[in-house]
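Shown next, in structure tokens, is the structure this report addresses.
Derivation of every value follows stated rules applied to the coordinates shown; laboratory data play no part. Note that the structure is a prediction, hence the values are computed from the model and not measured. Methodologically, a virtual Cβ is constructed for each residue, glycine included, from the backbone with ideal geometry; neighbour enumeration extends over all protein chains shown.
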């Protein structure tokens, strides 16, 4: 049976949406090479998620509702998560959205 792993942990500000989940075996999840015990694995998964977000979000600005539709976020969760982000007439900057979804950090 596979276990659902939050790539950006909820304690790090991660949200509940499908892209933030990785389905792992018990050993892959909680073993010595798993993301909870191995920083390298944790960072690898975070970088993969971040790269996916940059691929999906191709434009420079988005409304909250664009992000909800594109990423399958819960509307209320998205409104709460993004309410403190700078919002211009064009919307919210892609980089700000991704940084928020990544728990406040970008990984390079």
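Before moving on, here are some points about what is shown:
- Cross-chain or 6+ apart pairs with Cβ under 6 Å, the range 97-108 first and on the phi > 0 side of the Ramachandran plot and touching a residue at least 60 places away in the same chain (Cβ under 8 Å), then in a loop (DSSP other than H, G, I, E, B) and crowded, with 20+ Cβ neighbours inside 10 Å: 103/8
- So residue 85, is it surrounded by 15 or more Cβ atoms within 10 Å (Cβ to Cβ) and either in contact with a helix residue (DSSP H, G or I) (Cβ under 8 Å, 6 or more places away or on another chain) or more than 20 Å from residue 7 (Cα to Cα) (or both): no
- Scanning the range 31-58 for residues that are closer than 20 Å to residue 92 by Cα and either part of a loop (DSSP other than H, G, I, E, B) or out of contact with any helix residue (DSSP H, G or I) (no Cβ under 8 Å at 6 or more places or on another chain) (or both) yields 51, 55, 57, 58.
- The lone exception for residue 34 - which of (1) surrounded by 15 or more Cβ atoms within 10 Å (Cβ to Cβ); (2) at negative phi; (3) within 13 Å of the chain's Cα centre (by Cα) it fails: (3)
- Considering the range 59-73, the residues that are touching a residue at least 24 places away in the same chain (Cβ under 8 Å) and under 22 Å from residue 89 (Cβ atoms) include one that is surrounded by the most Cβ atoms within 10 Å (Cβ to Cβ), namely 67.
- Residues in the range 79-96 that are without any contact (Cβ under 8 Å) to a residue 40 or more places away in the chain and over 16 Å from residue 59 (Cα atoms): 7 in all.
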